[in-house]
There are 2 protein chains.
Amino acid sequence: MGPHSTDEVPEAKEEIRSLSSSHRHTANLPYIHKVGVPPKQNLFKEFKTTVKETFFADDPLRSFKDQSKSRKFILGIQAIFPILEWGRGYNLTKFKGDLIAGLTIASLCIPQDIGYAKLANLDPQYGLYSSFVPPLIYAFMGSSRDIAIGPVAVVSLLLGRLLQAEIDPTKNPAEYLRLAFTATFFAGITQATLGFFRLGFLIDFLSHAAIVGFMGGAAITIALQQLKGFLGIKNFTKKTDIISVMHSVWGSVHHGWNWQTLVIGATFLGFLLFAKYIGKKNKKFFWVPAIAPLISVVLSTFFVYITRADKKGVQIVKHIDKGINPSSASQIYFSGVYLLKGFKIGVVAGMIALTEAVAIGRTFASMKDYQLDGNKEMVALGAMNIVGSMTSCYVATGSFSRSAVNYMAGCKTAVSNIVMSCVVFLTLEFITPLFKYTPNAILASIIISAVIGLIDYDAAILIWKIDKFDFVACMGAFFGVVFASVEIGLLIAVSISFAKILLQVTRPRTAILGRLPRTTVYRNIQQYPEATKIPGLLIVRVDSAIYFSNSNYVKERILRWLTDEEEHLKEANLPRVQFLIVEMSPVTDIDTSGIHALEELHRSLLKRDVQLVLANPGQVVIDKLHASKFADEIGEDKIFLTVGDAVVTCSPKLADEV
Amino acid sequence: MGPHSTDEVPEAKEEIRSLSSSHRHTANLPYIHKVGVPPKQNLFKEFKTTVKETFFADDPLRSFKDQSKSRKFILGIQAIFPILEWGRGYNLTKFKGDLIAGLTIASLCIPQDIGYAKLANLDPQYGLYSSFVPPLIYAFMGSSRDIAIGPVAVVSLLLGRLLQAEIDPTKNPAEYLRLAFTATFFAGITQATLGFFRLGFLIDFLSHAAIVGFMGGAAITIALQQLKGFLGIKNFTKKTDIISVMHSVWGSVHHGWNWQTLVIGATFLGFLLFAKYIGKKNKKFFWVPAIAPLISVVLSTFFVYITRADKKGVQIVKHIDKGINPSSASQIYFSGVYLLKGFKIGVVAGMIALTEAVAIGRTFASMKDYQLDGNKEMVALGAMNIVGSMTSCYVATGSFSRSAVNYMAGCKTAVSNIVMSCVVFLTLEFITPLFKYTPNAILASIIISAVIGLIDYDAAILIWKIDKFDFVACMGAFFGVVFASVEIGLLIAVSISFAKILLQVTRPRTAILGRLPRTTVYRNIQQYPEATKIPGLLIVRVDSAIYFSNSNYVKERILRWLTDEEEHLKEANLPRVQFLIVEMSPVTDIDTSGIHALEELHRSLLKRDVQLVLANPGQVVIDKLHASKFADEIGEDKIFLTVGDAVVTCSPKLADEV
């Protein structure tokens, strides 16, 4: 049966048998399995479930169910301070792992912090401050076991960019610093608020592809910025786009470059990259790239100290304040023009920091298979930045590179962060003066070798393979950052991500179904060329919820399928289409506009003397079909459980004409 | 079988038989129907199809296919001027219908135009102008047969509001008029551009529900505005929100009201409403409400003329310019500060006008079952407003009320618009002076009785029944317009519409499936309580494309289903879950983030010693599963055509443990 089945004669008989067999109850007996109409749930319940799925999808309160008051209280405290929970099960073996991991990431973070602080146009010590307090807070409140907290390259760059757009850090550094703390404070507020109000899903709107592109672009931008320290260029552009950076690099090639700096930088960059290579080559040497930065700092500092290369124009750190974080609570702007500016910057920086931290947290959580409550994480990160903003820290979050090292070094819990912050504490107390002669070139090299890891070719290639549209988003973000600015790149990334969602709901796919030989299964004839159409029937599947944004398109698209089919049949003078079966399985929801579209479709079909038949409408849809009386309009008997049922019920009626 | 099936013992045997029977080829023979992997289409083709479906979904060029050059040219001309197409088939019988319809809508539009012009803070004649030129243009370019073109209440109000926010119409009317023309010009440009670039689908983002609410709110606002003329209040508020209107109404109750005006207004309002009632009661008296306005204008004008009621404070129209539209091309602002303002206003007004016209066009098109190319319509409407802006017209569009009358009066083609505009022409040339004594109260009554029709209770009730979220959007728009302003209401409507789309893609539904007794069909156990689970299996259906916005949610939701099930099984000490079957039928697409989510899901499941099985991935999805190598990762043999196949293949493996 079916126009094409002539080349399937051997199967024909088989086909018929299987058809009738599995539909014994439908074809021969009167009984057809009705489409289930679930008990109408009342409005409040409906509303409750929606809210629950939207904001409490992860069912955070499940452990609280039927517990005593006191128990609930304890659980509540534990929910805020997970350390109380896992702390009790803590033991020496775990500590060993955490100790080693903590020391490793400490050795990695100290030089990075100094460099990242420069990215944010801040003095080196603020980088170290941000690796002392925030990790401690996080260790008590956070639920990720592998994340390494501290300043990170991308956020530092973003923050620096946004801040210097408001205040010139060289002209009035004091105000700049205050604005930085203000931004950090509001970044924390933003994160905590999102978490507290369970709005964590908002960050999901920045798609993976967009992040890959954005990170890659940021990495390149950051690396380019390092050319200043790497080549020892004095007057360097304030812009970050590749054009103006390259311009000021080549502009100063003859007089601006300092060869001693270049030599030192290049040597150690080579060393760092080689260390990275070893680490990649053999996983058990992960510690080589981890401690390489500190080694190169020590060596280069010593080298500069004995050769006094700083006299020959090799720029050095010069001075880092000794001692731990001073309080900065009083410095935050809670009024005046900078309040709003700080707030805006804080929101942006906070969101980006959040995106990075949550991405890291999820990755490692799924590696070790433990659940991570995104919203609780946000509260922890928020609290840590709020406290940070009052103790001279700037926005801290989870670092990709250090977290990976932390994981490979065999960390067991957040204690590794405590260990790290203790080391940073000792550094601040005793060692900082020794950084005096550290050449900036080294910091540049360290940052370059660090951010290179953020450029993820493979991911980009995979994205290209999987989803072209994602690739556009990825490249959009990438080039936006590289050629325009971090902010623009971010904007492009977000807007393309949204455009994709909107496009999806505006132009859903539709497909013509045919029966697979020797089954009662109906599938897309494009995907299954062997599937055969049933004469007199047209089976269309709509691949999306029918909403106002696509209802009209869906209606017209279905009618166009019908028109095409009718033309085709006329040419081949085959029996005309009598039934249009709409397979509704993928139609997960329908709204008022959708119902109207169906009604219009029904009307147009009647004019063409074609019957509208629906197959397998889902729970919500069938509810609404009844609520809107459309079910009665086309007739209950036109709604079937499966396409198969619909076909066997319609085909006999065809017989008398065919 | 299945935990619940104990109470289905009689069916059990039957079940097994039907199961195996339809899956003879799967259970007994080695052969299983493979999931189709369609031939990989090249990038360009892929891209082409996407663009086609997005912008040329209605396949506007189908008639051009394989035609000679000259024929193509003719078709092209006809595409721009459909009148050349249907004009050739035009005959006397059609003309009869159009003539009657034309005269009816003319009698309706003349008084309305004068009133609507006041809504836009323009002199009465501009309303008439806008019913003369635009309908002519539309008749040649438009493809709707039933729409009646001219000024409409809502757009007039919106335009008036937006314009007077920029320029005070009483202080400097000349500039106000120029800005009005500028806005009209850019409204036309907007409409034509959207149509030309096939961006018509953009207006679909204003949901039906939102429009219902917006229209209702606008109707009330307009009615309230009429109280000025209706009660003859001199100093009336400029605001449109109900609070301030009521305030200025009650404020002027003792001295401000004019009882003669009130009497005249009330009498004729009663008459008009009665006429409306008759028209509703008996469809063949549709002409009664249609001509009632003109009658009441004539009567009241005559009445005022003989009683000279205007001496007693009854406000009258006083003066309408005689003669047809003067050119206004030179008055449009093509430079200066008002260019941008005019542009902004034009875009908003143009979009709203478009929404109304297209909604009307589609409604009647589906009633008479003829296709309407939304984008071509937009070009026609745009052209008509561009020409209009140069001939002293303000934004014209399709009117709900007049189009309905046009339809009921039996119009056949756009000729009815030509007839109407001829009548308007004669009016402008000869009759306008007679309107001198027409009391404003009558115009107020006419507008009130006209806009009442825009309040669509039934639609609102239906929306409430069908979709609560839509209802929120509807009410949001309604109260926004009534209590704040037209602009705010519009903003609310659009944002809620978007929020809905985003919510849908962020929190898709998931469902647990069970087998329906005596079939091999698997359905949502909530919708079909009789459906039974299969021991050792958990079948989850994901009801949406898996995108970055929901991938993480989907993953965690599925894992939670599993956790819940495992707990439940442990309590009932039943065999543990060995296979998690994900029914992918509704998963119409998947992106990179989605693939990653699946990978993470797979990893977590392995840790729990549960096998991941996919059922019926669609064309796009299977493509991407292969592109990303995920198909190999879980194993080709874990991907099945149907849930049924998956179950019969997994169940035997269970046997040895159960």
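Condition check: among the hydroxyl-bearing types (Ser, Thr, Tyr), over 22 Å from B:Ala183 (Cα atoms) and open to solvent by less than 10 Å² (accessible area, probe 1.4 Å). Does B:Ser107 satisfy that? Let's see the steps before the verdict.
Values: among the hydroxyl-bearing types (Ser, Thr, Tyr): yes; over 22 Å from B:Ala183 (Cα atoms): yes; open to solvent by less than 10 Å² (accessible area, probe 1.4 Å): no.
Considered against the rule, which asks whether it is among the hydroxyl-bearing types (Ser, Thr, Tyr), over 22 Å from B:Ala183 (Cα atoms) and open to solvent by less than 10 Å² (accessible area, probe 1.4 Å), B:Ser107 comes out as no.
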Test: B:Ala511 is in contact with a Lys or Arg (Cβ under 7 Å, 6 or more places away or on another chain), open to solvent by less than 50 Å² (accessible area, probe 1.4 Å) and free of Cβ contacts under 8 Å to residues at least 60 places away in the same chain:
yes
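Right, B:Leu206: open to solvent by 40 Å² or more (accessible area, probe 1.4 Å), modelled with pLDDT under 90, out of contact with any Leu (no Cβ under 8 Å at 6 or more places or on another chain) and closer than 30 Å to B:Lys52 by Cα or not? Lay out the reasoning, then the answer.
Working: open to solvent by 40 Å² or more (accessible area, probe 1.4 Å): no; modelled with pLDDT under 90: yes; out of contact with any Leu (no Cβ under 8 Å at 6 or more places or on another chain): yes; closer than 30 Å to B:Lys52 by Cα: yes.
Spelling it out, it is not the case that B:Leu206 is open to solvent by 40 Å² or more (accessible area, probe 1.4 Å), modelled with pLDDT under 90, out of contact with any Leu (no Cβ under 8 Å at 6 or more places or on another chain) and closer than 30 Å to B:Lys52 by Cα.
Picking from A:Ile386, A:Ile345, A:Ile360, A:Ile352, which residue would you name as being among the aliphatic types (A, V, I, L, M), closer than 30 Å to A:Ala165 by Cβ and within 14 Å of another protein chain (Cβ to nearest Cβ)? First the steps, then the outcome.
Numbers: A:Ile386 fails: within 14 Å of another protein chain (Cβ to nearest Cβ); A:Ile345 fails: within 14 Å of another protein chain (Cβ to nearest Cβ); A:Ile352 fails: within 14 Å of another protein chain (Cβ to nearest Cβ).
The conditions single out A:Ile360.
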The residue that is farthest from B:Asp543 (Cα to Cα), considering only those in region A:621-654 that are touching a Pro at 6+ places or on another chain (Cβ under 9 Å) and among the β-branched types (Val, Ile, Thr), is A:Ile639
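Report whether or not B:Lys283 is surrounded by fewer than 20 Cβ atoms within 10 Å (Cβ to Cβ) and within 35 Å of the chain's Cα centre (by Cα). Lay out the reasoning, then the answer.
Numbers: surrounded by fewer than 20 Cβ atoms within 10 Å (Cβ to Cβ): yes; within 35 Å of the chain's Cα centre (by Cα): yes.
For B:Lys283, the condition - surrounded by fewer than 20 Cβ atoms within 10 Å (Cβ to Cβ) and within 35 Å of the chain's Cα centre (by Cα) - is met.
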Tell me, which helices (runs of 4 or more DSSP H) wholly within region A:400-468 include 1 or more residues that are within 14 Å of another protein chain (Cβ to nearest Cβ) and open to solvent by 10 Å² or more (accessible area, probe 1.4 Å)?
A:457-466
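Taking the stated definitions as given, is A:Trp250 open to solvent by 50 Å² or more (accessible area, probe 1.4 Å) and in a loop (DSSP other than H, G, I, E, B)?
On the way: open to solvent by 50 Å² or more (accessible area, probe 1.4 Å): yes; in a loop (DSSP other than H, G, I, E, B): no.
Against the criterion (open to solvent by 50 Å² or more (accessible area, probe 1.4 Å) and in a loop (DSSP other than H, G, I, E, B)), A:Trp250 does not qualify.
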Could you tell me whether any residue of region A:146-153 is within 21 Å of the chain's Cα centre (by Cα) and more than 23 Å from A:Ile386 (Cβ to Cβ)?
yes
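Please work out which residue is nearest to the other protein chains (Cβ to nearest Cβ), limiting yourself to region A:469-483 and to residues that are of a type outside the set (A, V, I, L, M) and open to solvent by less than 10 Å² (accessible area, probe 1.4 Å). Talk me through it step by step, then tell me what you get.
Going residue by residue through region A:469-483, those that are of a type outside the set (A, V, I, L, M) are A:469-471, A:474, A:476, A:478-480, A:483.
Next, from what is left, pick out any that are open to solvent by less than 10 Å² (accessible area, probe 1.4 Å): A:470, A:474, A:480.
Numbers: A:Asp470: 5, A:Cys474: 9, A:Gly480: 18 Å.
Across region A:469-483, the extreme among qualifying residues is A:Asp470.
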Name every residue in region A:62-73 that is part of a loop (DSSP other than H, G, I, E, B) and either touching a residue at least 24 places away in the same chain (Cβ under 8 Å) or open to solvent by 70 Å² or more (accessible area, probe 1.4 Å) (or both), in order of residue number.
A:Lys65, A:Asp66, A:Gln67
Quick count over region A:141-172, residues being open to solvent by less than 10 Å² (accessible area, probe 1.4 Å) and part of a loop (DSSP other than H, G, I, E, B), is 8
When you scan region B:506-545 for strands (runs of 3 or more DSSP E) that lie fully inside it, which ones turn up with 2 or more residues that are more than 8 Å from every other protein chain (Cβ to nearest Cβ)?
B:510-515, B:537-542
Pull up region B:355-380, narrow it to residues that are free of Cβ contacts under 8 Å to residues at least 12 places away in the same chain and within 15 Å of the chain's Cα centre (by Cα), then point me to the one that is nearest to B:Ala404 (Cα to Cα).
B:Thr363
Surrounded by fewer than 24 Cβ atoms within 10 Å (Cβ to Cβ) and either in contact (Cβ under 8 Å) with a residue 40 or more places away in the chain or of a type in the set (D, E, K, R) (or both): is that true of A:Leu128 in this structure?
no
Among the residues that make up region B:369-378, is at least one of them at pLDDT 90 or above, in contact with a Leu (Cβ under 8 Å, 6 or more places away or on another chain) and buried (at least 23 other Cβ atoms within 10 Å of the Cβ)?
yes
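Give me the residue from region B:74-100 that is assigned to a helix (DSSP H, G or I) and of a type in the set (S, T, N, Q) and, out of that set, surrounded by the most Cβ atoms within 10 Å (Cβ to Cβ).
Going through the qualifying residues, I end up with B:Gln78.
May I ask you to say which residue of A:Gly313, A:Gly336 is more than 27 Å from A:Gly398 (Cβ to Cβ), touching a Gly at 6+ places or on another chain (Cβ under 8 Å) and away from chain B (no Cβ under 14 Å)?
Numbers: A:Gly336 fails: touching a Gly at 6+ places or on another chain (Cβ under 8 Å).
When all the criteria are applied, what remains is A:Gly313.
Output yes when any residue across region A:279-297 is of a type outside the set (Val, Ile, Thr) and more than 30 Å from A:Gly410 (Cα to Cα), and no when none is.
Narrowing region A:279-297 to residues of a type outside the set (Val, Ile, Thr): A:279-287, A:289-290, A:292-294, A:296.
Still in the running and more than 30 Å from A:Gly410 (Cα to Cα): none.
No, there is no match, as no residue in region A:279-297 is of a type outside the set (Val, Ile, Thr) and more than 30 Å from A:Gly410 (Cα to Cα).
Select from region A:314-333 the residues that are assigned to a loop (DSSP other than H, G, I, E, B) and either open to solvent by less than 30 Å² (accessible area, probe 1.4 Å) or touching a helix residue (DSSP H, G or I) at 6+ places or on another chain (Cβ under 6 Å) (or both) and list them in ascending order.
Here is the first cut: in region A:314-333, the residues assigned to a loop (DSSP other than H, G, I, E, B) are A:314-315, A:317-328, A:332-333.
Result: A:Val314, A:Gln315, A:Val317, A:Ile320, A:Asp321, A:Lys322, A:Gly323, A:Ile324, A:Asn325, A:Ser328, A:Ile332, A:Tyr333.
Within region A:240-249, does at least one residue satisfy the condition of being farther than 22 Å from A:Val482 by Cβ and modelled with pLDDT under 90?
Initially, region A:240-249 is screened for residues farther than 22 Å from A:Val482 by Cβ, giving none.
No; the residues of region A:240-249 include none that is farther than 22 Å from A:Val482 by Cβ and modelled with pLDDT under 90.
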When A:Val486 is run through (1) at pLDDT 85 or above; (2) within 28 Å of A:Ser156 (Cα to Cα); (3) surrounded by 22 or more Cβ atoms within 10 Å (Cβ to Cβ); (4) more than 8 Å from chain B (Cβ to nearest Cβ), the failure sits at (1)
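The values are calculated or read from the model by the stated rules, or taken from the named source; none is laboratory data. None of the values given here were measured: they were computed from a predicted structure. Ideal geometry is used to build each Cβ from the backbone, glycine not excepted, and the neighbour counts take in all protein chains shown. Ligands, DNA and RNA are excluded from the accessible area calculation, which covers all protein heavy atoms including side chains. Shrake-Rupley method; radii C 1.70, N 1.55, O 1.52, S 1.80 Å.
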